Amino acid sequence: MTQQTLALLGGAHVHLPDHLEHLQTRGWRLSHVADRDPARGERLCQDLGAAWLEQKDLTDGLARSGCEGVVICSETVFHEADITAALEAGLPVFVEKPLAGSAEAARRCAELAIARECTLHTGYFLRTNAALRGLHAQIEGGAFGRVIELRLRFAHDGGYADWLDLTGWMTDPGLACYGGFADEAVHCIDALQWLLGPIRSAQAVTGNMLGWPVDDHGAGILRFETGATGVVEAGWTDSEMRLELDLVGETGWARLRDGRLETGRRGNPIATGTTALSPLDAGAGIEPFLDVLEGRPAPGLVPPLEAAQVNVVLDEMGLRLQ
């Protein structure tokens, strides 16, 4: 099978190897690379067998590349510039989270994608998880009655276990734009708005235990347009990788612990349904983008205005660092 080709703008993000695995499995390859770090870009070109794209006149280079889309894994502060170059070249875009470095930048990106009628998908991979998609369908079907409250915790031990490299751009406020709480909380915020609808207001408290120039954990409180409340817990300082959920509805409940999503009826603590959570894989965030490129249904695709709304919530929480 002839491999289909994409361009890579920036190789900074920790999940690039995960996306590469999914790309290769589905017969795609990164044939062109642009990176503001020349040494990193040269290594990527060698490793991928890719051609170099000059940062200057990037839109023209992308338009001439023959690529069918663009993957953006640059430092967050550069997302808007990279997205703009790709969209102006008429190419669909996958961008690692968050969509951009501020609410204003994210909104501009979303509006440009809509105006250009181009796909702009952000890597909020929780939408691709089958168990959570099942929960989404149950909520929409009224299985729990009106949802009263929903808590999500998504955190890991990367700061202490030293598998997350915190010596570079992720702890540079000027490049990361947001800290360690937001780094994981964005997944929760997106999942919560997907599950419960628009967020009316938000606030957060963060902490710093690791001594970096950015926060490394925290908690947020949300209120939804429906009147439901939400809690977000996230960061780099947990004792392990954890995704937890607690949903309370008027007629039912759901809880996620240790990879098992259980649902039940109010007044009965015994679960009436149990679903195994598939392994958490950030690389799966690129799958809906590939589905679109291949003309397949893409139920996990994140609408650009919803991705932009995550940035709105971050900024309302006071989490923007610059």
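Just give me the residues in segment 108-141 being among the polar types (S, T, N, Q) and surrounded by fewer than 21 Cβ atoms within 10 Å (Cβ to Cβ), in sequence order. Break it down stepwise before answering.
Of segment 108-141, the ones among the polar types (S, T, N, Q) are 119, 122, 128-129, 138.
Hits for segment 108-141 are Thr119, Gln138.
Find all pairs meeting these conditions: Cβ atoms under 6 angstrom apart; at least six residues apart or on different chains; first residue within segment 156-171 and farther than 19 Å from Glu244 by Cβ and open to solvent by less than 30 Å² (accessible area, probe 1.4 Å); second residue assigned to a helix (DSSP H, G or I) and at pLDDT 85 or above.
Listed by first residue and then by second, the contacts come to Leu164/Gly158; Met170/Ala176.
For segment 195-221, which positions are more than 22 Å from Gln309 (Cα to Cα) and either of a type in the set (Gly, Ala, Ser) or in a strand (DSSP E or B) (or both)?
Of everything in segment 195-221, those that are more than 22 Å from Gln309 (Cα to Cα) and either of a type in the set (Gly, Ala, Ser) or in a strand (DSSP E or B) (or both) turn out to be Gly207, Gly211.
List every residue pair whose Cβ atoms sit under 9 Å apart, with the two residues 6 or more apart in sequence or on different chains, where the first one lies in segment 39-65 and is closer than 12 Å to Ala85 by Cα and the second, anywhere, is charged (D, E, K, R) and open to solvent by 40 Å² or more (accessible area, probe 1.4 Å).
As it stands, the answer is Gln55/Arg36; Thr59/Glu88; Gly61/Glu54; Leu62/Glu88; Ala63/Glu88, since those pairs meet every condition given.
Please list, ordered by residue number, the helices (runs of 4 or more DSSP H) wholly in segment 1-107 having 1 or more residues that are charged (D, E, K, R) and open to solvent by less than 10 Å² (accessible area, probe 1.4 Å). Spell out the reasoning first.
Working: elements: 16-25, 38-48, 58-64, 79-88.
Per the criteria, 79-88.
Residue check: is Thr237 more than 30 Å from Ala7 (Cβ to Cβ), of a type outside the set (Lys, Arg), touching a Gly at 6+ places or on another chain (Cβ under 6 Å) and loosely packed, with under 15 Cβ neighbours inside 10 Å?
Details: more than 30 Å from Ala7 (Cβ to Cβ): yes; of a type outside the set (Lys, Arg): yes; touching a Gly at 6+ places or on another chain (Cβ under 6 Å): yes; loosely packed, with under 15 Cβ neighbours inside 10 Å: no.
It is false that Thr237 is more than 30 Å from Ala7 (Cβ to Cβ), of a type outside the set (Lys, Arg), touching a Gly at 6+ places or on another chain (Cβ under 6 Å) and loosely packed, with under 15 Cβ neighbours inside 10 Å.
Restricted to segment 218-233, and to residues that are open to solvent by less than 40 Å² (accessible area, probe 1.4 Å) and over 19 Å from the mean Cα position of the chain (by Cα), which residue is farthest from Gly207 (Cα to Cα)? First the steps, then the outcome.
Going through segment 218-233, the residues open to solvent by less than 40 Å² (accessible area, probe 1.4 Å) turn out to be 218-220, 222, 224, 227-228, 230, 232.
After this cut, where a residue has to be over 19 Å from the mean Cα position of the chain (by Cα) as well, the list is 224, 227-228.
Values: Phe224: 25, Gly227: 28, Ala228: 26 Å.
Across segment 218-233, the extreme among qualifying residues is Gly227.
From the residues in segment 248-261 that are surrounded by fewer than 16 Cβ atoms within 10 Å (Cβ to Cβ) and touching a Lys or Arg at 6+ places or on another chain (Cβ under 8 Å), which one is farthest from Ile148 (Cα to Cα)? I'd like the intermediate steps shown before the answer.
Within segment 248-261, the subset surrounded by fewer than 16 Cβ atoms within 10 Å (Cβ to Cβ) is 250-251, 257-260.
Still in the running and touching a Lys or Arg at 6+ places or on another chain (Cβ under 8 Å): 250-251.
Numbers: Glu250: 7, Thr251: 10 Å.
Checked segment 248-261; the qualifying residue farthest from Ile148 (Cα to Cα) is Thr251.
Hey, which of the strands (runs of 3 or more DSSP E) in segment 222-322, taking only ones fully inside, have at least 1 residues that are modelled with pLDDT of 95 or more and within 29 Å of Glu104 (Cβ to Cβ)? Lay out the reasoning, then the answer.
Details: elements: 229-235, 242-249, 252-257, 260-265, 273-276.
Hits in segment 222-322: 229-235.
Quick check on this structure: which one of Leu152, Leu166 is closer than 26 Å to Thr206 by Cβ, assigned to a strand (DSSP E or B) and under 22 Å from the mean Cα position of the chain (by Cα)? Step through it out loud before you land on a result.
Details: Leu166 fails: assigned to a strand (DSSP E or B).
So the residue among Leu152, Leu166 that is closer than 26 Å to Thr206 by Cβ, assigned to a strand (DSSP E or B) and under 22 Å from the mean Cα position of the chain (by Cα) is Leu152.
Name the one entry in Leu210, Leu245 that is within 16 Å of Leu135 (Cβ to Cβ) and surrounded by 14 or more Cβ atoms within 10 Å (Cβ to Cβ).
On the way: Leu210 fails: within 16 Å of Leu135 (Cβ to Cβ).
Checking each option against the conditions leaves just Leu245.
For the condition under 21 Å from Asp190 (Cα atoms), open to solvent by 20 Å² or more (accessible area, probe 1.4 Å) and without any contact (Cβ under 8 Å) to a residue 12 or more places away in the chain, what is the one hit in Asp281, Asp291?
Details: Asp281 fails: without any contact (Cβ under 8 Å) to a residue 12 or more places away in the chain.
Of the residues listed, the single one that is under 21 Å from Asp190 (Cα atoms), open to solvent by 20 Å² or more (accessible area, probe 1.4 Å) and without any contact (Cβ under 8 Å) to a residue 12 or more places away in the chain is Asp291.
When you look at Arg296, is it out of contact with any Gly (no Cβ under 8 Å at 6 or more places or on another chain), loosely packed, with under 13 Cβ neighbours inside 10 Å and charged (D, E, K, R), yes or no? Explain how you work it out, then say what you get.
Details: out of contact with any Gly (no Cβ under 8 Å at 6 or more places or on another chain): yes; loosely packed, with under 13 Cβ neighbours inside 10 Å: yes; charged (D, E, K, R): yes.
For Arg296, the condition - out of contact with any Gly (no Cβ under 8 Å at 6 or more places or on another chain), loosely packed, with under 13 Cβ neighbours inside 10 Å and charged (D, E, K, R) - is met.
Do we find that Ala161 is among the hydrophobic types (A, V, I, L, M, F, W, C) and at pLDDT below 95 in this structure?
yes
The values are calculated or read from the model by the stated rules, or taken from the named source; none is laboratory data. Computed from a predicted structure; not experimentally measured. Positions of Cβ are backbone-derived with ideal geometry, glycine not excepted, and every protein chain shown enters the neighbour counts. Ligands, DNA and RNA are stripped out before the accessible areas are found, and what is left, the full protein with its side chains, is counted by its heavy atoms. Shrake-Rupley method; radii C 1.70, N 1.55, O 1.52, S 1.80 Å.
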